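Below is one structure, written out as structure tokens, with a few remarks after it.
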Amino acid sequence: MAFLSLRQHRSGFRHFSRRRGSLGPGALLGDNPAMHTNTSLTRYAWLSIAAAIATILLKGAAWWWTGSVGLLSDALESFVNLAGALMALWMLTLAAQPPDEKHAYGHSKAEYFASGFEGLLILVAALAIAHTAINRLLNPQALEQVGVGLAISVVASLVNLGVARVLLAAGKQYGSVALKADSAHLMTDVWTSVGVIAGVAAVALTGWLWLDPILALIVATHILYTAWHLIRDAAAGLMDAALPEEFLGSLESTLLPHRQQGIGFHAIRTRQAGTRAFISLHVLVPGEWTVQRAHELAEQVEEDIRRAIPGAHVTTHLEPLEDPLSHQDIDLDR
């Protein structure tokens, strides 16, 4: 049977497909996806939690010493950081669970909930900061112990900067959406702190009390931008957006040598789910090929794709090149 042609068994090959790739949570954007799982990523979430608690205490002390609404807004955002880190820990733990009967494709999409949640938290924080700043603008208040407050705030900012860089490196290495979102959130906090520190220092030097709330309003506007990007990216992931352009380019480059040998490809569909990539495509081969030869080609195509896009879950569907029906199933709604 293995030596019968594809043309002779057209109906049978309509249902023949190969699903290959890591069934566990891989690392689409990672440097070494085969060596890591999301389970190992929870330690970074714990690091973020520890940093959030530390900065809450430090920035709270800075606000207590100075009475600056700018420093208060900075401290409030650290509570948002803590909530986001706790959400990231929960979602990373969930994403690490292996596929099961009800979730055959795994749980990697859970990371998008963490990213979207952080975006919403930043949005709420921005509105709270704006409300507080407007009240202070209408009711100016002198600042006290500015030097001590600024020194404490600088230490807190350095803590956030160090942790943000660690999270970003881990997010890129392991392809974690949640860690990248947490890093972006912390970097927003760092830039917020830089602006607040500069504003409080300017108030101390000039005596212009209105600078403090005005700067807080600018900070609120700035972090709204980060919130929008996090929410947009999370929504795109939950809506099964295609892989980024650079990966689509790599996929096409991988298929080009096979095309040049007369092999056809269509119905190429991709999606990203957290740390995993899913790619499906139809492979059109000469109808007189044996099952064994076609199977070997499908295996080679899948291996080439996984080499170009590490951690990808690849599904191929074989069809005879000459059969007109092979060219009628390329629409996305099929």
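The values are calculated or read from the model by the stated rules, or taken from the named source; none is laboratory data. Values in this document were obtained by computation on a predicted structure and should not be read as measured data. Positions of Cβ are backbone-derived with ideal geometry, glycine not excepted, and every protein chain shown enters the neighbour counts. Keep in mind that these areas ignore ligands, DNA and RNA; they rest on the heavy atoms of the full protein, side chains included. Shrake-Rupley method; radii C 1.70, N 1.55, O 1.52, S 1.80 Å.
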task: Give me the pairs, please: first residue somewhere in region 186-205 and buried (at least 20 other Cβ atoms within 10 Å of the Cβ), second residue anywhere and polar (S, T, N, Q) and outside any helix (DSSP H, G or I), beta-carbon distance under 8 Å, and either six or more positions apart or on two chains.
output: Val196/Ser68; Val200/Ser68; Val203/Ser68
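One line per residue, one yes/no per condition, for (1) at pLDDT below 75; (2) among the hydrophobic types (A, V, I, L, M, F, W, C); (3) open to solvent by 10 Å² or more (accessible area, probe 1.4 Å):
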site	(1), (2), (3)
Leu29	yes, yes, yes
Glu77	yes, no, no
Pro99	no, no, yes
Tyr105	yes, no, yes
query: Would a scan of region 182-196 turn up a residue that is at pLDDT below 75, among the β-branched types (Val, Ile, Thr) and either outside any helix (DSSP H, G or I) or over 27 Å from Leu89 (Cβ atoms) (or both)?
result: yes
field: Filtered residues of region 107-116 (kept if modelled with pLDDT under 80 and outside any loop (DSSP other than H, G, I, E, B))
entry: Ala110, Glu111, Tyr112, Phe113, Ala114, Ser115
- prompt: Do we find that Glu319 is open to solvent by less than 20 Å² (accessible area, probe 1.4 Å), in a strand (DSSP E or B) and at pLDDT 90 or above in this structure?
  reply: yes
- prompt: How many residues does region 89-105 hold that are assigned to a loop (DSSP other than H, G, I, E, B) and in contact with a His (Cβ under 9 Å, 6 or more places away or on another chain)?
  reply: 6
query: Counting just the residues of region 237-255 that are assigned to a helix (DSSP H, G or I) and among the small types (Gly, Ala, Ser), which one comes out least open to solvent (accessible area, probe 1.4 Å)?
result: Gly237
- prompt: Looking at region 297-310, which of its residues are open to solvent by 10 Å² or more (accessible area, probe 1.4 Å) and either among the aliphatic types (A, V, I, L, M) or in contact with an Asp or Glu (Cβ under 7 Å, 6 or more places away or on another chain) (or both)?
  reply: Leu297, Ala308
message: Looking only at region 256-296, filter to residues that are at positive phi and part of a loop (DSSP other than H, G, I, E, B); which one of those is most open to solvent (accessible area, probe 1.4 Å)?
response: Gly262
task: Identify the single condition in (1) surrounded by fewer than 17 Cβ atoms within 10 Å (Cβ to Cβ); (2) closer than 30 Å to Thr315 by Cβ that Glu111 does not satisfy, given that it satisfies every other one.
output: (1)
task: Report the residue count in region 214-236 for those that are at pLDDT 80 or above, surrounded by 14 or more Cβ atoms within 10 Å (Cβ to Cβ) and not β-branched (Val, Ile, Thr).
output: 2
